[in-house]
Structures are given as structure tokens and as C-alpha cells.
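Below: the structure, in C-alpha cells.
The values are calculated or read from the model by the stated rules, or taken from the named source; none is laboratory data. These figures come from a predicted structure and were not determined experimentally. As a convention, Cβ positions derive from the backbone with ideal geometry for all residues, glycine included, and neighbour counts pool all protein chains shown. Only protein heavy atoms, including side chains, enter the accessible area calculation; ligands, DNA and RNA are left aside. Shrake-Rupley method; radii C 1.70, N 1.55, O 1.52, S 1.80 Å.
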Amino acid sequence: MCKGLSSLPSSCLEKAKEMRVMFSHLAETHHKLKVQDGKTLQDLETLLNSKGGLQAFRGFLRSEFSEENLEFWLACQNYGVLPSNLQKTKASGIYSQFINPDAPQEVNLDSETREALLSVMDSPCADTFKKAQQTIYNLMAKDSFPRFQRSHHWVEAIKAF
């Protein structure tokens with residue numbers, strides 16, 4: 001028969017209390033992740049579309065010295081909506097800043113993607129950086145974002161949401 005909680009050692013009772021607090025905190029955090037339209041802050045796309053989430057993610061990447069991926073992704077987002085008469089200048093700037101092997105904020109792209117970009121720099125279009133942008137997005141989603149979720153910056157993002 002069960003003798004009740006009084007028969008358990010005090011160390012077990014203390015541990016149970018700690019676990020209760022931890023689980024209630026997790027439940028509260030999960031509740032705070034809920035946002036309008038049924039979306040949650042559980043995915044990178046939602047985070048990038050939130051001003052506060054974007055700032056927290058940028059701070060995290062800066063702390064890891066890997067902000068170039070986010071900066072490149074944002075530059076590509078802005079590039080995609082530029083009028084065609086401004087695309088060549090902006091494309092050249094993005095290439096110099098992020099793609100060129102000597103770029104100050106060089107992103108990690110395979111040589112095939114780099115060569116393909118170099119070959120179209122004379123006549124860029126709205127989709128010039130789409131493949132490279134998707135590659136960097138996937139890298140952030142699989143690598144940076146999970147680490148971000150385990151960081152103190154994650155709490156900032158939740159509060160900002």
C-alpha cells in the first residue's frame with residue numbers, strides 16, 4: 001500500500017518541488033509562444049517576421065560572431081523588391097559584401113552557387129540571389145535557430161513577441 005508522501009526522503013520531496021516549478025515554467029513559456037493567427041515562435045520564418053524576434057536573433061548571432069548569415073538574408077529580402085533599375089548596383093554590393101571570397105561578411109556557400117552568382121552579376125534580375133538566400137535560410141534554420149532557442153536571447157524574443 002502507498003504510505004503517502006511523508007514516507008519519502010526529504011531530498012526526494014525537494015527534487016519533486018523543483019521539478020514542479022520547472023514544469024510550470026515550461027508550460028507558461030509554451031503559452032507565451034502562442035501568437036495571433038495560430039502561429040508560434042517555434043519557426044524561423046515567424047521569428048524573422050517579428051521586429052522584436054528579429055532583434056533578439058540578431059543579438060544572438062552577434063554574440064556568436066555569425067551575424068553575416070542574417071544580414072545576407074535581409075539584404076536579399078530587400079533586393080528582391082527593388083525596381084529593376086537599381087538591381088545591378090545593389091547586386092554588386094551584395095556580392096562584394098557577402099559572396100566574394102574576400103568579402104568582409106562572407107557567407108558559407110558552395111563553389112557552384114558562388115560561380116553561378118558571379119556569372120550573372122552583369123545582368124542581375126529579381127531572382128538572382130534566391131538560391132543562395134534559401135541555402136543560408138536553411139543553414140540558419142538547421143543550425144543557428146536551434147541554438148538560439150536554447151539561449152538567453154530566446155527569452156528576449158518571447159518577451160518582445
The stretch 50-127: chymotrypsin sites (Phe, Trp or Tyr not before Pro) falling in loop per DSSP and having at most 14 other Cβ within 10 Å = Phe65
For the stretch 45-122, what is the charge dipole size about the Cα centre, in debye to the nearest 20, if Lys and Arg each add +1 at the Cβ and Asp and Glu each add -1 at the Cβ?
-> 420
Under the 7 Å Cα-to-Cβ spin-label approximation, Met121 and Glu106 lie apart by a distance in nanometres of 1.4
Simple SL model, points at 7 angstrom along Cα→Cβ for Gln55 and Ile158; separation in nm is 1.9
From the backbone phi of the stretch 57-65, what are the Karplus-calculated ³J(HN,Hα) couplings (6.51 cos²θ - 1.76 cosθ + 1.60, θ = phi - 60°) in whole Hz, Gly and Pro given as x?
-> 5, 4, x, 4, 4, 4, 5, 9, 6
For the stretch 137-148, Karplus couplings with θ = phi - 60° (6.51, -1.76, 1.60), whole Hz, Gly/Pro x = 4, 4, 4, 5, 5, 8, 10, 5, 4, x, 5, 4
Beyond 22 Å between alpha-carbons counts as too far, so tell me which of Lys51/Lys88; Lys88/Lys142; Lys88/Lys131 fall in that bin.
-> Lys51/Lys88; Lys88/Lys142
Which is farthest toward the positive dipole end of the stretch 33-146 among Ser144, Ser119, Ile99, measuring Cα position about the Cα centre, with Cβ charges +1 (Lys, Arg) and -1 (Asp, Glu)?
-> Ser144
How large, in percent, is the carbon and sulfur part of the accessible surface of the stretch 37-161 at a probe radius of 1.4 Å?
-> 49
Residues listed by number, the stretch 117-131, amide nitrogen under 19 Å from Asn138 label point at 7 Å toward C-beta | 117-118, 127-131
